[in-house]
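Single-structure report; data block below.
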């Protein structure tokens with residue numbers, strides 16, 4: 001418990017004290033509350049079983065699995081190009097971002113690399129899916145705390161991004177656009193100009209949300225000092241993405257690993273926050289949308305000419321080997337451990353999804369909080385159910 | 001990005017990777033003979049196989065080195081699927097190929113059908129290690145290994161998932177309930193001998209895609 | 001003053017009052033729902049809102065009512081059926097009882113209690129019983145939590161509301177709502193009587209506290225913990241469906257309208273226009289046409305106030321239960337006590 005700010009320490013001590021008090025005063029009869037699997041606050045079917053003492057949570061345990069689709073098993077009976085159609089549906093709000101690490105892993109095994117233009121476009125689409133994903137989070141944040149307006153603004157402006165994704169890939173939600181060795185197609189005419197405009201709109205959206213939601217005292221009092229996760233705990237649980245950076249860990253896979261993506265050609269800031277509370281997690285995500293729009297702007301300016309597909313055999317057989325590739329997806333670190341035996345399809349794919357780890361910390365962090373805080377903490381941890389259950 | 005190589009070539013590649021070499025050296029110093037095998041793709045990734053007895057000790061040693069970010073924990077079933085790979089029409093008779101059912105472990109080798117697989121990261125040095133361990137089966141087919149929860153609290157759910165999917169029990173895990181499947185579910189879905197029924201009863205329409213195309217100008221590569 | 005009342009027999013007066021009461025409750029409720037819930041909210045959220053039923057969707061509310069009436073009236077198996085059925089009625093009846101004291105004109109009033117303020121504040125908290133009962137009898141944990149939250153919250157905010165009104169009572173020197181209206185419209189500011197003397201000018205702290213407390217009484221965001229759709233599904237209303245839900249729904253918006261009426265009577269001069277404009281000396285001198293104009297003025301003021309209530313509702317996130325209690329007991333109540341003290345001192349001094 002070193003390196004904690006004073007606020008973190010206070011919150012931690014308070015949680016411990018609540019815990020101890022509950023253990024002593026258990027004469028009152030508690031109540032077990034099921035939140036979900038069908039409940040307005042769980043976007044999907046996550047079920048939280050909470051043992052309550054009044055409005056305070058004695059312990060809470062999430063119960064996942066209502067949407068388990070067995071993708072790890074299904075990948076074993078599909079060819080490499082077919083797998084992208086499946087993994088599109090893991091984190092359905094940022095679908096394109098799911099495809100990239102898998103394709104990169106396959107490319108790593110085949111020892112090929114996509115041409116620079118394809119890498120650029122991949123990065124652009126990757127960041128667009130981040131914007132599409134996280135902007136919805138920013139709107140949804142309000143709904144979780146009773147403010148209905150932000151979510152409509154989020155849907156309004158996210159629509160522009162989805163249109164862009166649709167324009168480039170043909171699919172709004174599940175593009176299935178990434179191919180081993182490059183991309184299916186080049187960008188359509190006029191797409192870049194439109195993207196520039198949309199990025200401006202999205203920056204305005206961020207400003208609006210910051211004014212409307214983040215500047216609100218009630219929002220701050222609902223999130224500041226709530227659900228504090230210290231850095232060492234966050235790392236132990238494998239929290240990733242904004243959740244990890246909100247605990248003060250300066251770790252971003254876009255910057256800290258070298259993959260054949262165009263992140264080394266752009267200038268962006270990785271934001272961290274020392275507090276580790278719900279506020280920090282939300283704030284980091286807001287900044288990340290802003291950074292993503294800047295990344296997209298820079299990449300549009302430096303988009304190199306050339307082909308978008310390298311020469312690959314028509315029937316793709318991936319050589320024997322094992323590869324791990326993970327990227328900084330909207331939800332956090334999304335990685336695939338791909339084992340190939342030289343066949344048409346992978347021998348085994350271990351899907352490491354961000355939300356699975358991010359949500360596994362909930363029993364720890366929900367101890368001693370109040371019922372309304374369950375919702376805000378879950379909202380700030382930000383999960384997509386498909387990303388937990390896979 | 002460094003060019004990749006499939007072969008186990010620490011010597012033949014000119015790329016040196018002092019960071020990963022040092023990690024391996026420290027691990028060997030900590031664990032001694034428990035480090036069975038090491039596979040390294042310089043500048044890219046590192047695989048280490050340890051003995052099953054030292055599974056937790058290896059985790060602790062890595063944690064002490066600074067690998068405090070827990071990435072994932074899972075297992076591997078190296079037995080080739082007795083039901084084929086889904087690329088053939090299941091209604092057709094397939095001639096038995098003894099080589100096809102031979103168990104071949106991947107990087108860092110191994111002796112058992114099942115292997116543990118875990119990955120941890122050092123967020124300060126920006127390096128990760130994939131850890132493996134053999135999983136010897138007892139006479140009744142059961143397998144067990146020490147739980148990693150004392151080392152990485154986040155291993156809790158991953159071990160539950162692995163238990164559910166592979167039937168591996170973790171000594172010291174407080175609560176190995178099923179995460180996804182009903183409590184009375186029989187079988188371990190991610191084992192290769194667990195049939196994917198939907199695929200067995202009906203040929204997958206996607207099979208059409210993998211049939212060899214008529215001759216084309218493209219280089220067919222390593223396709224045979 | 002006397003003209004209308006004398007010509008109509010007693011049963012006619014009663015009928016008029018009943019119809020007027022229903023109108024005074026349902027008309028504001030419908031207006032608020034259409035104007036604010038459907039249209040202003042949509043405008044704020046960059047959408048159009050209902051557009052199909054009637055011109056600009058103005059018949060949407062009727063369509064909604066029709067839909068709710070058709071729906072099955074589901075009563076949970078373990079629910080305490082009698083109380084469960086009674087709960088929404090309690091809530092709606094408290095609204096009707098509340099509107100009874102509100103004066104809409106010199107003669108356009110239902111009853112003229114001498115302690116109207118006292119009555120209004122007392123009846124205003126009856127709806128708590130309905131909500132608590134609804135939460136308890138639903139046999140649902142969300143409902144129970146919602147009901148208990150509502151009870152805690154409404155009691156906590158009853159107090160600042162009462163205390164905020166005390167300042168007005170001190171200034172007007174009466175607890176009769178009609179007298180409060182007259183006091184505001186016949187008053188003058190340092191001898192200038194161009195706008196009368198609405199109490200909001202001196203009692204702005206009281207007005208603010210009153211409006212916050214109203215927001216909490218109505219369980220509107222940011223004080224909507226009893227409903228808290230993201231936590232408690234729908235709070236005490238979770239199990240209600242069909243026309244019982246409709247009654248709750250009407251009750252919610254009708255109460256918003258009635259509380260806005262009361263706020264405009266207490267702080268904004270009620271139905272009146274400054275008496276000096278037409279040289280009226282007292283209530284008896286007010287012309288009969290004010291019985292027509294007065295309700296319109298009231299409706300306008302009510303719409304402004306409910307507009308503010310709804311505006312806050314659409315843009316604010318909600319408090320947590322303990323933060324809400326802290327806000328009531330540590331901020332609002334001390335503030336309103338200070339307001340009373342200052343008002344009393346000034347009243348005596350001037």
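The values are calculated or read from the model by the stated rules, or taken from the named source; none is laboratory data. Since this is a predicted model, take the numbers as computed values, not measurements. Methodologically, a virtual Cβ is constructed for each residue, glycine included, from the backbone with ideal geometry; neighbour enumeration extends over all protein chains shown.
Examine region A:222-244 for a residue that is farther than 18 Å from residue A:372 by Cβ, crowded, with 21+ Cβ neighbours inside 10 Å and free of Cβ contacts under 8 Å to residues at least 12 places away in the same chain, and state whether such a residue exists. Taking every residue of region A:222-244 in turn, at least one turns out to be farther than 18 Å from residue A:372 by Cβ, crowded, with 21+ Cβ neighbours inside 10 Å and free of Cβ contacts under 8 Å to residues at least 12 places away in the same chain. With a requirement of 3 or more residues that are more than 30 Å from residue C:326 (Cβ to Cβ) and touching a strand residue (DSSP E or B) at 6+ places or on another chain (Cβ under 7 Å), none of the helices (runs of 4 or more DSSP H) lying completely within region A:182-252 satisfies it. Listed by first and then second residue, the pairs with beta-carbon distance under 8 Å, at least 6 apart or on different chains, first residue in region B:92-118 and within 12 Å of another protein chain (Cβ to nearest Cβ), second surrounded by 13 or more Cβ atoms within 10 Å (Cβ to Cβ) and modelled with pLDDT under 60, are B:107/B:8. Exactly one residue out of C:153, C:178 is under 18 Å from the mean Cα position of the chain (by Cα), in contact (Cβ under 8 Å) with a residue 60 or more places away in the chain and closer than 26 Å to residue C:237 by Cα, and it is C:153.
The rows are residues; the columns are (1) surrounded by 14 or more Cβ atoms within 10 Å (Cβ to Cβ); (2) out of contact with any strand residue (DSSP E or B) (no Cβ under 9 Å at 6 or more places or on another chain); (3) modelled with pLDDT of 50 or more; (4) away from chain A (no Cβ under 14 Å).
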{"site": "B:2", "(1), (2), (3), (4)": "no, no, no, no"}
{"site": "B:5", "(1), (2), (3), (4)": "yes, no, no, no"}
{"site": "B:11", "(1), (2), (3), (4)": "no, yes, no, yes"}
{"site": "B:28", "(1), (2), (3), (4)": "yes, no, yes, yes"}
{"site": "B:32", "(1), (2), (3), (4)": "no, yes, yes, yes"}
{"site": "B:37", "(1), (2), (3), (4)": "yes, no, yes, no"}
{"site": "B:40", "(1), (2), (3), (4)": "yes, no, yes, no"}
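Taking every residue in region C:321-337 that is modelled with pLDDT under 85 and pairing it with any residue that is assigned to a helix (DSSP H, G or I) and crowded, with 22+ Cβ neighbours inside 10 Å, at least 6 positions away or on another chain, the pairs with Cβ-Cβ distances below 7 Å are C:321/A:372; C:321/C:149; C:324/C:153.
Report those helices (runs of 4 or more DSSP H) wholly inside region C:37-156 carrying at least 1 residues which are at pLDDT 85 or above and farther than 30 Å from residue A:205 by Cβ. Lay out the reasoning, then the answer.
On the way: elements: C:41-44, C:60-70, C:81-99, C:116-124, C:126-137.
Result: C:60-70, C:81-99, C:116-124, C:126-137.
If you filter region A:338-360 down to residues that are under 21 Å from the mean Cα position of the chain (by Cα) and within 7 Å of chain B (Cβ to nearest Cβ), you find that the one that is farthest from residue A:379 (Cα to Cα) is A:350.
Residue-wise test of (1) modelled with pLDDT of 90 or more; (2) in a loop (DSSP other than H, G, I, E, B); (3) within 11 Å of another protein chain (Cβ to nearest Cβ).
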| site | (1), (2), (3) |
| --- | --- |
| A:303 | no, yes, no |
| A:311 | no, yes, yes |
| A:316 | no, yes, yes |
| A:323 | no, no, yes |
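Kindly indicate whether residue C:37 is over 30 Å from residue C:162 (Cβ atoms) and within 23 Å of the chain's Cα centre (by Cα). Answer is no for this residue.
Give me the residue from region B:64-91 that is modelled with pLDDT under 70 and at the interface with chain A (Cβ under 9 Å from one of its Cβ atoms) and, out of that set, farthest from residue A:79 (Cα to Cα).
If we filter region B:64-91 for residues that are modelled with pLDDT under 70, which is where we start, we get B:84-91.
Now narrow it down to the ones that are at the interface with chain A (Cβ under 9 Å from one of its Cβ atoms): B:84-87.
Details: B:84: 13, B:85: 9, B:86: 9, B:87: 8 Å.
The selected residue is B:84.
Consider residue A:62 carefully, then state whether it is surrounded by fewer than 21 Cβ atoms within 10 Å (Cβ to Cβ) and either more than 28 Å from residue A:162 (Cβ to Cβ) or away from every other protein chain (no Cβ under 12 Å) (or both). Against the criterion (surrounded by fewer than 21 Cβ atoms within 10 Å (Cβ to Cβ) and either more than 28 Å from residue A:162 (Cβ to Cβ) or away from every other protein chain (no Cβ under 12 Å) (or both)), residue A:62 does not qualify. Restricting A:323, A:379 to those that are touching a strand residue (DSSP E or B) at 6+ places or on another chain (Cβ under 7 Å) and within 27 Å of residue A:69 (Cβ to Cβ) reduces the list to A:323.
Against the list (1) within 14 Å of chain B (Cβ to nearest Cβ); (2) closer than 29 Å to residue A:279 by Cβ; (3) modelled with pLDDT of 70 or more; (4) in a loop (DSSP other than H, G, I, E, B), the condition residue A:69 fails is (2).
Among residues of region C:245-257 that are more than 14 Å from residue C:27 (Cα to Cα), those with a Cβ under 6 angstrom from a residue that is in a helix (DSSP H, G or I), sequence gap 6+ or separate chain, pair up as C:246/C:68; C:247/C:88; C:247/C:92; C:248/C:88; C:248/C:237. When the residues of region C:315-339 are filtered to those that are in contact with a strand residue (DSSP E or B) (Cβ under 7 Å, 6 or more places away or on another chain) and surrounded by 18 or more Cβ atoms within 10 Å (Cβ to Cβ), the one that is nearest to residue A:55 (Cα to Cα) is C:321. Taking the criterion of being over 15 Å from residue A:327 (Cα atoms) and facing another protein chain (nearest Cβ under 10 Å), no residue of region A:251-269 qualifies. All conditions but one from (1) more than 30 Å from residue A:112 (Cβ to Cβ); (2) more than 14 Å from chain B (Cβ to nearest Cβ) apply to residue A:195; the one that does not is (1).
For region C:244-253, the criterion of being surrounded by fewer than 20 Cβ atoms within 10 Å (Cβ to Cβ), closer than 21 Å to residue C:149 by Cα and within 14 Å of chain A (Cβ to nearest Cβ) is met by no residue.
Mind checking whether some residue in region B:42-51 is at pLDDT 85 or above and out of contact with any helix residue (DSSP H, G or I) (no Cβ under 8 Å at 6 or more places or on another chain)? Yes, region B:42-51 contains a residue that is at pLDDT 85 or above and out of contact with any helix residue (DSSP H, G or I) (no Cβ under 8 Å at 6 or more places or on another chain). If you filter region B:132-156 down to residues that are more than 12 Å from chain A (Cβ to nearest Cβ) and touching a residue at least 60 places away in the same chain (Cβ under 8 Å), you find that the one that is surrounded by the most Cβ atoms within 10 Å (Cβ to Cβ) is B:133. Among the conditions (1) touching a residue at least 24 places away in the same chain (Cβ under 8 Å); (2) within 30 Å of residue B:42 (Cβ to Cβ); (3) assigned to a helix (DSSP H, G or I), the only one that residue A:255 does not satisfy is (1).
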